[in-house]
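Everything below concerns the one structure shown next.
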Amino acid sequence: MSSVVDDLALIGRMRFRKARALLFYLHHLPGLDHRGEKIADIFWQDFPHKKAMASLRQAIRQIREAIEQTPHTVLETQRGQLGLRCQGNRTLDLRIQDLLSAPFWQESTTDTVERYVQEFDLMSGLSDSYDSWLAIKRNQAVQEIAELLEAIFQDSRGTERAVQAAKLARSIEPSNESAVRFLMYSDWAQGSGSRAIDTYNNLYKYLEQELDQEPEAETLALAAKIKSGPYDVSVADTATTASRKIRPSLSLEKVQRSALSVADDSLLSVLYSDLRMRMSRFREWSVVDDVAHAAPDLVLRLDMHSFDGECNLIVELSAPAANQLVWSEVIQSPAKNWDQKARAQLANISRALSFAARSGEGMPHASAIYDRWLQSQTLIDTWSPKTEARAIEMLNEITAEAPRFGPAHAELAGALNVRHILLPGTQHTEGQKQLALHHAIEAVNLDPLDTRAHRVLGWCYCHKGEFELADFHFDQAIELNKSNNLTLISAALGYAFAGRLDQSERVATDIGRTTEALEPFHFVYLAAANYLCGNFEEAARQCELAGDLMATVGGWHTASLVQLGRRQEARARLQAYHHFMKSQWTLKSEPTCAETVDWFTSCFPMRDEQAREHLRLTVLKAL
C-alpha cells in the first residue's frame, strides 16, 4: 500500500502540469467515477471540445505511466468515465489528517503536510474552474489541519510536540493568530521576549502586506504585555476584545438544565454542535462566540424539555439590542428528521437577520456599500421589473465604486440571468449572458468560498450552453453550504436543465420535505425540476402553491396537468395563463397563445433541445 508521502512525491514528479493537477484532483475523490466531458471542461475550458478531449486522453496516458509501479492504485476508464481506485479509497486530505493524528510524528510528517498545502499553490492558474475548486479544497483542508494542530498545541502545552504543531500551523497559514500567540507566549515564558516580539512583528508585517489588516485584539494585548517586561504569571492572561464585522452577527446558546437525563443532555449537545456548524457555513452572517465583548445582533437559544417520555426542543430567537423576542417554536422529537428541521430553523434565522440588517436595527457598524447592497437585495426580492431595474442600477454603481466587493458582482449576475423572465416577450441576449458571466466569474475569483457566487456562475454557464462547467459549479455551491435552501433548490433545477436528472430528483425530493422552510418562489424552482424529472403530480401541486408569482408558472402547471391526463383543467389553466401573460407582455403587439407558449419554452437553458420541444408540444396539447 503506497503511503501519502509516496503519492505526493509521485504527483510532484509528473512532468506535465495538467496531468499532475488531474492526479491531485482524483486523489481527493478516489473511488468515484467522473464524466470525461466534465473533466475536460474543468481543466481545458478554453479549448475547443475536440482538442480538450484529446488533451484529456494524453493526460490519462501520462498518469497511467506514472502509477504503473504504484501497487493498489489504478486509473479506470470506461463508458466515457474515469476514476482513481486505491486501497481503502481514502482521500488525500484524510490521509494527511491521519499522519497528524498519530500518537508520534514521523520525521517526514512536517515536510509532508507543508508539501501537501504547497501543492494547492503550485497547481493554480490552469483554469478558472479548477482554481475555484483548489480554493475551496485548500480552505477546507487547511481549516481541518489547523483544528487538529490547535488541539495538539493547546492540549499538550509545554511539550516539544506542542511547539512543533504550532510552528507547522503558522507555516501553512501565516495568519493563524492562535498559533502565533501560542509561540509568542511560549517564548516569553522561557525568557525569550525578543524572539516573541520578532514572531509578532512577522505576523504584523504579513497581515499588513497580504491582508491589509491589523492583528486581533488578543494578539495586540499579548504583544503589549511582552513589551512591558519579563514574563509574570500574574499578568500573563490576556483579555480579549473582538472587533465587530460588517456582516450581521448571531450567537448560539444552549440552556443547561440539571433535570435533563443523560441521554437528553447528550442529544442537546449534539443538536447544538450540528446547528452551530451549519450556521457557521453561511457567508451572509457571522457567528459570535464571546458575547461579552462582541454583542450579537441576534441570539438563538436551544432548550430541551422532556415530558412523559417525549423529548422536545424549544428554539427562541431574540434581538438583544431591542430586548425583543423575534420568534419561538417547539420542535417535537428533534432527533427524527433533524436535517429537515435544522434547515427550517436556518431559514427563519436568515429571514430575521435579513430584516434586522435591512431595517438598520443592530447594525450601526454596517458600511454604506454593504447597506446599499442589502437595499438592492430587498428590491430584487419584490420580483418586479421596475424594482429589478433599480436594483441592477444600484449593483452597477456598487461594482464600479467597490470592484472588490464580491457579493455585488454575484447579485448583479443573478439579476441579469432572470431579467428576460421579468420582462415577458423578451429574450436573454448574448450580451446579457456574457455580462452576467463576467460578473459571476469576478465574484468567484474575489471569494471562491461564497456559495452564492458558485450558484450564480453555474447558471451563467447553463445559459452559455457549457453544462459540464455549470454542473461543476452547482456541485461546488452545495459543497460549500449543504444547509442553504436557496442553493439546494437552485442547484436542483440547474441539474435538471443540465441533464443530471437523478441528482436533481434527489435534491428536490429532499428539500421538498421541508415546506415550512420554503418561500413561495422556491416552489417555482421545485415544480420545474420535478416536471423535468417526471414527477408531474408534485410539480402540479407546487405550481398551485406558487400561483402566478413568476411568468413561467402557468406553463409548467399546464404541462403537468396534461401529463396527468387532466385535460379540461389543463385547458382552463392555459387560458388563464394566456390571459395573465397578455397583461404582463412587454412587447407592443398582444401575444397569441402559441406565442406565449413559445416564449415560455425559450426562457430556459435546456441541454436537451428535444426536451424543450417536447415541453412546448405538451403545453400546446391543452388547446
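Tell me, yes or no, whether the range 529-544 has at least one residue that is charged (D, E, K, R), under 25 Å from the mean Cα position of the chain (by Cα) and within 27 Å of residue 425 (Cα to Cα).
no
Just one of the numbered conditions (1) more than 20 Å from residue 97 (Cα to Cα); (2) surrounded by fewer than 17 Cβ atoms within 10 Å (Cβ to Cβ) is not true of residue 182; which one?
Condition not satisfied by residue 182: (2).
Quick one: in the range 13-30, of everything that is at pLDDT below 90 and not hydrophobic (A, V, I, L, M, F, W, C), which residue is nearest to residue 111 (Cα to Cα)?
Step by step, filter the range 13-30, then rank; the result is 13.
Can you find a residue in the range 204-214 that is touching a Pro at 6+ places or on another chain (Cβ under 9 Å), open to solvent by 70 Å² or more (accessible area, probe 1.4 Å), in a helix (DSSP H, G or I) and of a type in the set (Ser, Thr, Tyr)?
yes
Which one is nearest to residue 342 (Cα to Cα), of the residues in the range 506-550 that are modelled with pLDDT under 95 and not in a helix (DSSP H, G or I)?
514
Hey, any hits in the range 491-508 for a residue that's closer than 25 Å to residue 393 by Cα, touching a residue at least 60 places away in the same chain (Cβ under 8 Å) and hydrophobic (A, V, I, L, M, F, W, C)?
Taking every residue of the range 491-508 in turn, none turns out to be closer than 25 Å to residue 393 by Cα, touching a residue at least 60 places away in the same chain (Cβ under 8 Å) and hydrophobic (A, V, I, L, M, F, W, C).
Is it the case that the range 31-41 has a residue that's surrounded by 18 or more Cβ atoms within 10 Å (Cβ to Cβ) and modelled with pLDDT under 90?
No, there is no match, as no residue in the range 31-41 is surrounded by 18 or more Cβ atoms within 10 Å (Cβ to Cβ) and modelled with pLDDT under 90.
Please verify whether the range 157-176 includes one or more residues that are over 24 Å from residue 112 (Cβ atoms), part of a helix (DSSP H, G or I), open to solvent by 30 Å² or more (accessible area, probe 1.4 Å) and touching a helix residue (DSSP H, G or I) at 6+ places or on another chain (Cβ under 9 Å).
no
Of all residues in the range 72-94, which are within 23 Å of residue 41 (Cβ to Cβ), modelled with pLDDT under 90 and of a type in the set (A, V, I, L, M, F, W, C)?
Passing the criteria: none in range.
May I ask you to say which residue of 93, 6 is open to solvent by 70 Å² or more (accessible area, probe 1.4 Å), touching a residue at least 24 places away in the same chain (Cβ under 8 Å) and either within 17 Å of residue 115 (Cβ to Cβ) or touching a strand residue (DSSP E or B) at 6+ places or on another chain (Cβ under 8 Å) (or both)?
Criteria check complete, one pass: 6.
Scan the range 592-619 residue by residue and report those that are of a type in the set (A, V, I, L, M, F, W, C) and over 22 Å from residue 495 (Cβ atoms).
Hits for the range 592-619 are 593, 594, 597, 599, 617, 619.
So the check is Cβ under 8 Å with 6+ separation or different chains; which pairs have a first residue in the range 442-460 that's within 18 Å of residue 282 (Cα to Cα) and a second one that's open to solvent by less than 10 Å² (accessible area, probe 1.4 Å) and outside any helix (DSSP H, G or I)?
Taking only residues 6 or more apart or on different chains, the pairs are 443/450; 444/450; 451/481.
Of the conditions (1) farther than 24 Å from residue 26 by Cα; (2) surrounded by 17 or more Cβ atoms within 10 Å (Cβ to Cβ), residue 112 clears all except one; give me its number.
Among (1) farther than 24 Å from residue 26 by Cα; (2) surrounded by 17 or more Cβ atoms within 10 Å (Cβ to Cβ), the lone unmet condition for residue 112 is (1).
For residues that are polar (S, T, N, Q), part of a helix (DSSP H, G or I), at pLDDT below 85 and open to solvent by 40 Å² or more (accessible area, probe 1.4 Å), tally how many sit in the range 363-402.
Residues in the range 363-402 being polar (S, T, N, Q), part of a helix (DSSP H, G or I), at pLDDT below 85 and open to solvent by 40 Å² or more (accessible area, probe 1.4 Å): 2 in total.
Could you run through the range 222-234 and say how many residues are of a type in the set (A, V, I, L, M) and open to solvent by less than 30 Å² (accessible area, probe 1.4 Å)?
The qualifying residues number 3.
Identify, from the list 134, 126, the residue that is of a type in the set (A, V, I, L, M), closer than 15 Å to residue 43 by Cβ and in a helix (DSSP H, G or I).
Answer to the check: 134.
Assess whether residue 149 counts as being at pLDDT 90 or above, assigned to a strand (DSSP E or B), of a type in the set (A, V, I, L, M) and crowded, with 18+ Cβ neighbours inside 10 Å.
It is false that residue 149 is at pLDDT 90 or above, assigned to a strand (DSSP E or B), of a type in the set (A, V, I, L, M) and crowded, with 18+ Cβ neighbours inside 10 Å.
Could you run through the range 191-224 and say how many residues are free of Cβ contacts under 8 Å to residues at least 24 places away in the same chain and more than 39 Å from the chain's Cα centre (by Cα)?
Qualifying residue count, the range 191-224: 3.
Provide a single number: the residues in the range 135-167 that are in contact (Cβ under 8 Å) with a residue 24 or more places away in the chain and under 13 Å from residue 93 (Cα atoms).
Here the count works out to 10.
If a residue must be closer than 17 Å to residue 36 by Cα and open to solvent by less than 30 Å² (accessible area, probe 1.4 Å), how many such residues does the range 461-502 contain?
The qualifying residues number 8.
The values are calculated or read from the model by the stated rules, or taken from the named source; none is laboratory data. The structure presented is a predicted model; accordingly, all values stated were derived computationally and were not measured. Note that each Cβ is placed from the backbone with ideal geometry, even for glycine, and that neighbours are counted across all protein chains shown. Accessible surface areas use protein heavy atoms only, side chains included; no ligands, DNA or RNA. Shrake-Rupley method; radii C 1.70, N 1.55, O 1.52, S 1.80 Å.
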